Amino acid sequence: MKRLVLILLLPLMVLAACSHKQEELPLYRQYAGRQDLTAAQVNGFRLNDTVTVDVVFLVADDSAAWQRLKEEMDIRASEGVTSWMGAINEPACRVKRDVRPAWRAMAIHADRTVAFYRVEDSIQYKALLDYQLDNKMTNTTL
Amino acid sequence: MTFESIWEQEERQGLQRRLRQDYPAWLRRRRQKRRTAGGLATVAAIALFAAVALYNNTLTTKDYESVYCNRAGTTDAQWVALAGKTLTRAMI
């Protein structure tokens, strides 16, 4: 009987282990209720063959909402792209580059968008930088 | 020997005889049940493993796992594309 239960439980445990990532992140939940923002979360965005990353987007509906979001995220610049490493529980709080886990945050002023990439370890951070470099090189070639 | 002791002896022997006759049949039935249960469990386990493998396969062939958005009218592809585009626009 014990063997029977084990045989049936094993695949379920594997399934549970595989599906644990498919859940809403606290950062997304925090902003999902806001009327002046579009919040979105991409689970497991593929950076390369083996590494994926979770991404949260906050897009301001208008310039007033963008101003509010900038103040909340402590962004002082008003053009181009502002990027920083944010604390996992408080993305607006800047942390050192080697702190893990953390958010790799990028605010694109022209699009009124802030993107947060959840960095769990150095492998993920390296893959993120590689993805940036590879695509920039591709764009330059084109 | 009293009548009672003869009666008891016969009863005991009768029970032992019945046990000797019934035990192999009971053993066979138990083996049969276990075999059936084992077979069913194996089939169920194979089906579950196949489902897990298929599920994982769909994950590996996609560029993302799932998307949540608080607004209607947006598509998954739009956000996945933005995830890549944002990285290429940002400074390292």
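Read-outs: derived from the displayed coordinates by stated rules, not from any lab. Here the structure is a predicted model, which is why all the values come from computation and not from measurement. All Cβ positions, glycine included, derive from the backbone under ideal geometry; neighbour counts span all protein chains shown.
Go through the residues of region B:59-76 one by one and say whether even a single one is touching a helix residue (DSSP H, G or I) at 6+ places or on another chain (Cβ under 9 Å) and assigned to a helix (DSSP H, G or I).
Checked region B:59-76: at least one residue is touching a helix residue (DSSP H, G or I) at 6+ places or on another chain (Cβ under 9 Å) and assigned to a helix (DSSP H, G or I).
Which of the residues that make up region A:22-54 are assigned to a strand (DSSP E or B), out of contact with any Lys or Arg (no Cβ under 7 Å at 6 or more places or on another chain) and more than 7 Å from chain B (Cβ to nearest Cβ)?
Answer for region A:22-54, where residues must be assigned to a strand (DSSP E or B), out of contact with any Lys or Arg (no Cβ under 7 Å at 6 or more places or on another chain) and more than 7 Å from chain B (Cβ to nearest Cβ): just A:Leu37.
Quick check on region A:101-124: of everything there that is in contact (Cβ under 8 Å) with a residue 24 or more places away in the chain and charged (D, E, K, R), which residue is nearest to A:Gly86 (Cα to Cα)?
A:Arg104
Among the residues of region B:9-25, which ones are exposed (fewer than 10 other Cβ atoms within 10 Å of the Cβ) and among the charged types (D, E, K, R)?
Across region B:9-25, the qualifying residue is only B:Arg20.
Report every pair of residues separated by at least 6 positions or lying on different chains whose Cβ atoms are under 6 Å apart, first residue within region B:62-74 and under 19 Å from A:Asn48 (Cβ atoms) and within 7 Å of chain A (Cβ to nearest Cβ), second of a type in the set (A, V, I, L, M) and part of a strand (DSSP E or B).
B:Tyr64/A:Val42
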